[in-house]
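Read the structure below first, then the notes.
Derivation of every value follows stated rules applied to the coordinates shown; laboratory data play no part. Computed from a prediction, not measured in an experiment: that's the story for all the values here.
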Amino acid sequence: MGKITKLAVAALFGMAVMTTAASADPAKGLKLYSKKLKKACGLKGSEFAAKHTQAEWEKIMEEGKMAAEIKAICPDVKDKALKEKYIPHYFDFSYEYAKDSGNVPSC
């Protein structure tokens, strides 16, 4: 019975570590915005994120329209800057610095 318990605890710990590593990050989103979108957008990060409130950014993300919204705000953005793996980070960045958040990014 002890081996099964240890195995279960190890599995739970492993799953917890994997989900943490796979989660998005506003700081990474800021870095990606600065590197991949800022020049094409012609907007500071604070101006970009302030295009919507946190609730609006959430709705856009839930509907799967984050890439389309970025393209609408920044029509000159290349498709390769909107890879699926970047979208959660762009969302976290936009949500963290939305116009009703009170936060200001450093870019």
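Would you mind checking the pairs LYS78/LYS99; LYS28/LYS78; LYS59/LYS80; LYS39/LYS59 and listing those with alpha carbons more than 22 angstrom apart? It would help to have the intermediate numbers written out before the result.
On the way: LYS78/LYS99 25 Å; LYS28/LYS78 19 Å; LYS59/LYS80 24 Å; LYS39/LYS59 26 Å.
Violating the 22 Å limit, Cα to Cα: LYS78/LYS99; LYS59/LYS80; LYS39/LYS59.
Aspartates and glutamates within cross-link reach of LYS65: Cα-Cα under 12 Å, excluding same-chain residues under 8 positions apart?
GLU56, GLU84
What are the aspartates and glutamates whose alpha-carbon lies under 18 Å from the alpha-carbon of LYS44, with same-chain residues fewer than 8 places away excluded?
Result set, ordered by chain and number: GLU69, ASP76, ASP92, GLU96, ASP100.
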